[in-house]
């Protein structure tokens, strides 16, 4: 298994000098990220960890939080309730689009885009925001195997500038997907996006999904195994937004990307992978991240449509 | 392995009395199909076959031909050429839509919808239509492991009524995706759609994809193993049109459906499944076919996102 | 001129028994309207008034307020400022659509749909909401030639249920069409929609536009004559939402409709017409109102594309 | 009336040196036009003609033929037949778009865009193409008051490159708007687009519409007066494609533009105006033509929403 360490180190040095793109600017706090930061972590379902680069540096999860909160909502509300309010189809549109909701379904296409994720946040149980937030942090910490916390500055920055997300939330209320607690749903959503984790944490979280919901580090069942397939399926179909087809074709594993520059992927039954590097492309994906996954998938045969593993 | 035979017989009797929908009417010849016809076949990569119902009854392949012709074009023209002319993204639109081509990309979204498949047909090499057709029939016959032939009546019926497909072809020419041989491309496309096969044939064709391109019956390499992942990935992302997300979520295997009432699915490394029953729903999928795949996937754990097989 | 009185009385009795549709339900307070209410008023630029039915019964202006507030904003901010933020093209979409803003222009298509009208309200000058509201009420009262007031119950009802309008306002903020005073813009908009007027008032307001901005009753210049053409042109192109083309074809005069069941039209240089009857069709137009305008236009040759007047 | 001559000469010299844009390239033959060509003609309903620049130079009518053929079809088939197959709403899309037909109505939005005009051509009566063409040429010649002819080179060029129009025609057949004589409809359409006229001819044709269908030169009734309103209304709503709203706002008269660089406008009851200059903008409008109409409308108060004429 030394091979994995060698492979990710090679890929890391291959793309260290790739200086395309720049950190997300639409949330001012994210624009402060250091474009040189670049970390890769792999965790197997047996619990082995392989890391290179800034593997301990924390960043906010942003949209990489969506699969985990979706799994949590499935456990709390059941499949039927969630399916009746949020679809499972890719949109062919950008991550923050509202066109498809307006044009066709009158509910979000899937839980991996903003409209779906805001709806999902509104379904988390709890008496009030602080109660809900405690429980959400608890679940994310269980995925990571250590206590995670919120970046208050990013949360504030996000909340202040989220005009489009506010528009989406009011439209969700209009279509009666969510109830009147619009601000609470948004605040929980901004909080979940602002959870801090390192690329090593994220690889543990990914490995937990690869391991039928059991954290390989702590051996705790974080998500009922019955719902792991739901989460992986949605990540696969919709996790990379309007380049999900491209990703399925070139990488071929369930994955999720966030505008902070994180991408994580799951090879079911085998391992979790996470990459962090803050410079993103026009679709919001980490540029180095895309490269790492393409190479890793090709070199190790990770695609679920390839039948031989290179590992 | 008796289990498979038992399972498909149970499912067959479960849905034999399901009389929803009716055969496709937009191609007059297809409307003559018998709604009572219902066959299921499974072939493993080891070459074992399990069948129930009218497993030998022939029907025209229609859109189930698309993955095979796509693989053939990949071998003939190479990945780069094909990728530059036909995308790999799901559309979120119906199988015969032209909106997304017009609105956004000026080329077809993927090879599993009509616009993409007509373009793919135009890329098949050959001096003339008859030459190309011979070669196409040769490849399809190799997939099936026996000589297949064209249903001339369906071909005529299709050709006469294909106003929308003609519109698509002229738009493809307008966007310079295809060259001036518009009628030749359409004729080849109508021919490939009119190839006759039984549900047992289709399970062999599916098993060939499951077996890295090697026909388990004849042991011939029909598609270079390097391209099998391309075909399976596109089937998975786009094979079930605008219900591809739903299919990924509930069934979870690469599959392709055709308006004649056929659906086939591939469990990579394990088996091919085919179902035929001509009554279709509003999206063009065999109604009994959808039910069979849902039950089979759940009962046997076929989904690539579930980690335990029930077989 | 007895002829006008006779014509509108004939039309009134022709459609008195037409009981299709029902009052708008999406604002609960509007649903209380009496479907039997039906009034028609015509005022010439010379100041003669012809009325029939419930001509004095008050209703809220709703979207019929949009042309007047647009004229007010033009006077306050100038043509260039307004044009840089709100377009002049019809949308081909419903009155409350946001698709076209999202898809194409990133600003409202025109001031006659909700997105444009909310933006226009945000441009009205004033130190605070109450200040702005006073000035708006002053202008509307000048148009009517008597003091108008707000229906507080409709305002409350509207404000409480306007989830889609809130979504629109946040999207306008996102695209930087409006500034941070989102709630103030919405409150002013809800207030202007809740101004009470009778069908006779509305015919005076219409006649003021027909009379180059001079109220024929009071002889006061309510809108600078230079801006009257702007308002009439926008009413003509966009006033009847996605049936503006149909209206231009069958009626052929600048007009504006509101979901309370009011429609008013302007025959430039000649007269203003207003109809009120609260039962509306699926596009939000008064059903009796449409009939009255079609007949009146045909019988009196009102269309600007017909060259002979029947009056 | 010397004033008109003076005004158009001033405007002509004002824009003679405006060298923006270039002639249409998508029909190769049109690309040969001389960008320096620039003519303006005005004809009053009394039959007076005012011209400046290359007023006798012939060009092909292209889309400026659409209003005349629409009027002809109305006379031949009646309003009801035409209305049931072609709408009267602006599209908000480009002149050659098919999106709106696909998305919404399954028939063309209006007779001023390509899809509507091709449908209209298919409705012209006649035993065969040559018969129909004779009758069409007859009507256009009657509008111009002299015998017009076809530019065979432009017709050939158009026919050979019209892949998008062919796509549109097949889609019209698919939606059963037109019958099986697809090629005949297209050939008639390409012919009508290839009719040669000068800017002076076009001003006579425009003046005929301004004069209730009576050619002011020949005093012949070319279009029944009852249908003149239909044609003018559609020109007004839809004649300038997706800048129809802008045109209504800045110019304010019924008009039609063609990619050969011609625009003509109608001031009902007063006069017809035509401008020719082949360099066009991205929407297909003559760049000098737009300028001429804006200035002429402002200087002479031509807008139907302005109440005083400057003439």
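Between copies, residue A:269 shows label-point distances of 0.5, 8.3, 8.3 nm, shortest first, with the point placed 7 angstrom from Cα along Cα to C-beta. How far, in degrees from 0 to 90, does helix A:199-210 lean away from the longest principal axis of the Cα atoms of chain A, to the nearest 10? Value to nearest ten degrees: 80. The slack between residue C:282 and residue C:147, meaning 0.36 nm per residue of separation minus the straight C-alpha distance, is 45.3 nm. Taking the three principal axes of the alpha carbon atoms in chain D, the coordinate ranges are 53, 39, 36 Å, sorted in descending order. Entry note: the stretch C:8-55 has Rg to Rh equal to 1.09, where both radii use alpha-carbon atoms and Rh is the Kirkwood radius.
Inter-label distance, residue C:179 to residue D:5: 5.6 nm, where each label sits 7 Å from its Cα along the C-beta direction. Between the stretch B:1-47 and the stretch D:1-56, what's the alpha-carbon centroid distance in Å? Centre-to-centre (Cα) distance: 69 Å. Across peptide C:250-256, the mean count of Cβ atoms from other chains lying within 10 Å of each residue's own Cβ comes to 2.
Taking the protein assembly as shown, how much of its Cα-Cα pair set, in percent, is spaced more than 55 angstrom apart?
Details: 217003 of 773146 pairs.
That tail contains 28 percent of the Cα-Cα pairs.
Within the P(r) computed for the stretch D:161-280, what percentage of the Cα pairs occupies the region above 23 Å? Summing the P(r) tail past 23 Å for the stretch D:161-280 gives 42 percent. With each label modelled as a point 7 angstrom along the Cα→C-beta vector, the residue A:31-residue D:161 pair spans 4.5 nm. With contacts taken as Cα pairs under 8 Å and at least 6 residues apart, chain D reaches a relative contact order of 26 percent. With a ≥ b ≥ c taken as the square roots of the eigenvalues of the C-alpha gyration tensor of the stretch B:1-98, please select rounded if a/c is under 1.5 and otherwise prolate if a/b is larger than b/c or oblate if it is not? Oblate, since a/c reaches 1.5 and b/c is not below a/b. Label-point distances for residue C:6 to the equivalent site in the other copies, using a point 7 angstrom along Cα→C-beta, read 4.8, 9.2, 10.4 nm when ranked shortest first. Each other copy places its own label point for residue A:81 at 5.0, 5.5, 6.1 nm from this one, sorted shortest first, where the point lies 7 Å along the Cα-to-beta carbon line.
Result for chain B in a Gaussian network model with C-alpha springs under 10 Å: among B:56, B:160, B:283, the largest mean-square fluctuation is at B:160.
Only DSSP H runs of four or more residues enter the estimate; each adds -39500 (n - 2.57), and after division by the residues of chain B the mean residue ellipticity at 222 nm equals -14500 deg cm²/dmol. Here, the stretch A:86-220 has an Rg and a Dmax of 15.7, 45 Å when only alpha carbons are counted.
Could you tell me whether the stretch D:132-187 comes out rounded, prolate or oblate from its Cα gyration tensor? Rule is a ≥ b ≥ c as square roots of the eigenvalues, rounded for a/c under 1.5, then prolate if a/b exceeds b/c, otherwise oblate.
Details: a/c = 3.27, a/b = 1.66, b/c = 1.97.
Oblate.
The stretch C:14-168 has equivalent-ellipsoid semi-axes of 28, 21, 17 Å, by the square roots of 5 times the alpha carbon gyration tensor eigenvalues, sorted largest first.
Where chain B is carried onto chain D by rotation, the Cβ closest to that axis, with its residue and distance in Å, is B:167, 2. Averaging the sequence gap over all C-alpha pairs within less than 8 Å and six or more residues apart, then dividing by the number of residues, gives the stretch C:1-157 a relative contact order of 18 percent. GNM on chain D, alpha-carbon springs under 10 angstrom: the most fluctuating residue among D:245, D:229, D:78 is D:78. Reducing the stretch C:247-311 and the stretch D:123-184 to their Cα centroids gives an inter-centroid distance of 37 Å. For chain A, the longest principal axis of the C-alpha atoms and the axis of helix A:129-144 are separated by about 20°.
For the peptide D:229-235, the mean number of other protein chain Cβ atoms found within 10 angstrom of a residue's Cβ is 5.
Pick from B:118, B:182, B:69: which residue has the top mean-square fluctuation in a GNM of chain B where Cα pairs under 10 Å get a spring? Result: B:182 has the largest fluctuation of those listed. In this rough spin-label picture, where each label sits 7 Å from Cα along the Cβ direction, the residue D:14-residue C:18 distance is 4.5 nm. Judged by the gyration tensor of its Cα atoms, with axes a ≥ b ≥ c, the stretch B:224-311 is oblate; a/c meets the 1.5 cut and b/c is at least as large as a/b. So how tilted is helix D:152-161 from the main axis of chain D? Cα-based, degrees 0 to 90, rounded to 10. Compared with the principal axis, the helix lies near 50 degrees.
Readers should treat all values here as calculations from the given coordinates under stated rules, not as data from a laboratory. Quick caveat, the model's predicted, so the values are computed rather than measured. Heads up, the Cβs are rebuilt from the backbone with ideal geometry, glycines too, and the neighbour counts pull from every protein chain shown.
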